[in-house]
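Enquirer: Got a structure for you, questions after.
The values are calculated or read from the model by the stated rules, or taken from the named source; none is laboratory data. Since we're looking at a predicted model, the values are computed, not measured. Note that we place each Cβ from the backbone using ideal geometry, even for glycine, and neighbour counts take in every protein chain shown. Please note that ligands, DNA and RNA were not included when accessible areas were found on the heavy atoms of the full protein model with its side chains. Shrake-Rupley method; radii C 1.70, N 1.55, O 1.52, S 1.80 Å.
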Amino acid sequence: MQMIDEFLEKAPCLRLNEELATRLLTTALREEVNKAGFDKVIVGLSGGIDSALSLYLCVEALGPENVVAVRMPYRTSSPESLEDAQLVIDDTGVEALTVDITPQIDAYFERMPDASPLRKGNKMARERMTILYDLSAQYDALVIGTSNRTELLLGYGTQYGDSASAINPLGDLYKTQVRQLSAYLGVPEPIITKPPSADLWEDQTDEGELGFNYFDVDRLLYYMIDKHYTLDQLHALQFDDAFIQEVSKRIIRNQYKRTMPVILKVSKRTVGVDFRYLRDWGL
């Protein structure tokens, strides 16, 4: 994709070794699924690039016969999102379901007609995740996450909604890297090039809601997080001070979304504090 290549020429620090990244992610994904005692996975497929890449990685790791895709539109969802999700389903050959979330969302908000778009969007995100976890029991499949590193760092996601999962293959990839790896793995071009959107309300876009574009913030995050650059060093790279401060505040303010619930300590061995073991301890 020309747009991605042009940006990576300006920010080579974000360029992935696509072959190596794919091998690392698919090997680890297969191992984590199998270690947990599962063969199948389930992915909420929105028609966007993040869920598409997660699904392609799952197919690469486990085979299409072990991957289930679920579309969960609301009545205001873009028809193009369903069509783009279908492109992925057709290309990969995975089993697919469509569950309309309109009845339960509208029934809930009947009593609260003045609810803000944010409340409705959060409710939709969490409703979709409850559906995925219910279907995971039906299919005996693990729920796979779709939140990328940029979103996790900025807190741009709904806690226990789209940020929930058993395994997240995208959580260490910046959005720019998601685009790069998607192109490498053959995600359909319309999905890669369209403006990113959670499709939670009409005409919503990620970058419009954030107030900046992913290319710029990914470059800033790389130097802030990966390289530990000081404020003076960031200024030397021509980053605007207001932009630096806004991103810093978002990272700090949303730390609670990146951690397990806080358990208040009264015992000698508190879960997550003194009682801490690896995920697969004892298996």
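Enquirer: What residue, of Val43, Val67, is farther than 30 Å from Arg219 by Cα, in contact with a strand residue (DSSP E or B) (Cβ under 9 Å, 6 or more places away or on another chain) and open to solvent by less than 40 Å² (accessible area, probe 1.4 Å)?
Expert: Just a single option satisfies the conditions, and that option is Val67.
Enquirer: Within the range 112-122, identify whether any single residue is in contact (Cβ under 8 Å) with a residue 24 or more places away in the chain and in contact with a Ser or Thr (Cβ under 6 Å, 6 or more places away or on another chain), and answer yes or no.
Expert: The answer is yes, given that some residue of the range 112-122 is in contact (Cβ under 8 Å) with a residue 24 or more places away in the chain and in contact with a Ser or Thr (Cβ under 6 Å, 6 or more places away or on another chain).
Enquirer: Hey, which of the helices (runs of 4 or more DSSP H) in the range 1-83, taking only ones fully inside, have at least 2 residues that are among the acidic types (Asp, Glu) and at pLDDT 95 or above?
Expert: 18-35, 49-62
Enquirer: Residues being more than 16 Å from Thr259 (Cβ to Cβ) and open to solvent by less than 10 Å² (accessible area, probe 1.4 Å): count how many of those fall in the range 133-157.
Expert: Number of matching residues: 5.
Enquirer: Only one of (1) under 20 Å from the mean Cα position of the chain (by Cα); (2) under 19 Å from Pro73 (Cα atoms); (3) at pLDDT 95 or above fails for Gly121. Which number is that?
Expert: Among (1) under 20 Å from the mean Cα position of the chain (by Cα); (2) under 19 Å from Pro73 (Cα atoms); (3) at pLDDT 95 or above, Gly121 violates only (3).
Enquirer: Out of all the residues in the range 129-149, is one or more part of a helix (DSSP H, G or I) and among the basic types (Lys, Arg)?
Expert: yes
Enquirer: Would you call Asp106 out of contact with any Phe, Trp or Tyr (no Cβ under 6 Å at 6 or more places or on another chain), open to solvent by 50 Å² or more (accessible area, probe 1.4 Å) and either on the phi < 0 side of the Ramachandran plot or outside any helix (DSSP H, G or I) (or both)?
Expert: no
Enquirer: Only one of Phe239, Phe275 is touching a helix residue (DSSP H, G or I) at 6+ places or on another chain (Cβ under 7 Å) and of a type outside the set (D, E, K, R); which?
Expert: Unique residue meeting the criteria: Phe239.
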